[in-house]
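Here the structure is laid out as structure tokens; the discussion comes afterwards.
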Amino acid sequence: MKTFELKGILRTDLGKKSSKQIRSNNQVPCILYGGKENVSFSVSNPDIRKLIYTPHVYIVDLSINNAKHKAVIREVQTHPVTDSILHIDFQEVFDDKAMTIDVPVIISGSSIGVRKGGKLKIYKRYLKVQGLPGNIPDELTVDISELEVGKSIRISDIKNDKIKFIGNPS
């Protein structure tokens, strides 16, 4: 799985007033949970935009005041009108504990059904998978070159021994 390095500054003042001050300094307030204790910190807005506005899924190597953490993004809160980033929740991951994450689906090949005049409908752009961080792929590639008109590929048709697909297999 791809990694992304991000530097954060530990927050000591919490609450609405300090969060507003952080946002005015072009920073984004964040929280890291899932470890021994929750860690509140802030990151630079331009740095975090490179992480969020991409179709890829990353494991984030957080460096918060010289403390190293591995995490994934769990939730991004945005302003309802301006779409500016208000807050980000990170969940800490460990190499020996299974994690659940959405992995992008990449379609490859040219379908026989499309060449005959059919239309390709893609219902899932991401699939929820569970596995160890080292076993989760960057993306799931699905070959549709043998797909006929009226046929479909289901989650149960995708084979990967190292991860488990979460949700309805059909």
Inset, instruction - Would you check which residues across region 139-165 are within 15 Å of the chain's Cα centre (by Cα) and either free of Cβ contacts under 8 Å to residues at least 12 places away in the same chain or open to solvent by less than 60 Å² (accessible area, probe 1.4 Å) (or both) and list them? - result: L140
Legend entry - Conditions (1) within 21 Å of H56 (Cα to Cα); (2) in contact (Cβ under 8 Å) with a residue 12 or more places away in the chain: number failed by Y123: (2)
Inset, instruction - Assess whether S108 counts as being small (G, A, S) and more than 30 Å from V43 (Cβ to Cβ). - result: yes
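Give S40, S24 a once-over and let me know the one that is of a type in the set (S, T, Y) and surrounded by 17 or more Cβ atoms within 10 Å (Cβ to Cβ).
S40
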Inset, instruction - Could you tell me whether region 48-55 includes any residue that is of a type in the set (F, W, Y), at negative phi, open to solvent by 70 Å² or more (accessible area, probe 1.4 Å) and under 15 Å from the mean Cα position of the chain (by Cα)? - result: yes
Inset, instruction - Name the single residue, out of those in region 123-138 being open to solvent by 70 Å² or more (accessible area, probe 1.4 Å) and of a type in the set (D, E, K, R), that is farthest from the chain's Cα centre (by Cα). - result: K124
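Looking only at residues that are among the β-branched types (V, I, T) and farther than 18 Å from K50 by Cβ in region 78-101, which one is most open to solvent (accessible area, probe 1.4 Å)?
V81
Tell me whether region 61-77 contains one or more residues that are on the phi > 0 side of the Ramachandran plot, open to solvent by 70 Å² or more (accessible area, probe 1.4 Å), touching a residue at least 12 places away in the same chain (Cβ under 8 Å) and touching a helix residue (DSSP H, G or I) at 6+ places or on another chain (Cβ under 8 Å).
Checked against the condition, which is being on the phi > 0 side of the Ramachandran plot, open to solvent by 70 Å² or more (accessible area, probe 1.4 Å), touching a residue at least 12 places away in the same chain (Cβ under 8 Å) and touching a helix residue (DSSP H, G or I) at 6+ places or on another chain (Cβ under 8 Å), region 61-77 yields no hits at all.
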Legend entry - Among the candidates S42, S24, S84, residue that is modelled with pLDDT of 85 or more and farther than 27 Å from E139 by Cβ: S42
Inset, instruction - Inspect all residues belonging to region 102-122 and state whether any of them is touching a strand residue (DSSP E or B) at 6+ places or on another chain (Cβ under 8 Å), within 26 Å of G34 (Cβ to Cβ) and open to solvent by 60 Å² or more (accessible area, probe 1.4 Å). - result: yes
Legend entry - Considering residues of region 1-21 that are small (G, A, S) and not in a strand (DSSP E or B) only, the residue modelled with the highest pLDDT: S19
Inset, instruction - Any chance you could count how many residues in region 56-76 are among the hydroxyl-bearing types (S, T, Y) and under 15 Å from M99 (Cα atoms)? - result: 1
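The values are calculated or read from the model by the stated rules, or taken from the named source; none is laboratory data. These numbers come from a predicted model, not from an experiment. Virtual Cβ from ideal backbone geometry, glycine too; neighbours counted across all protein chains shown. Each accessible area value is taken on the protein alone, full model and side chains, heavy atoms only, with ligands, DNA and RNA left out. Shrake-Rupley method; radii C 1.70, N 1.55, O 1.52, S 1.80 Å.
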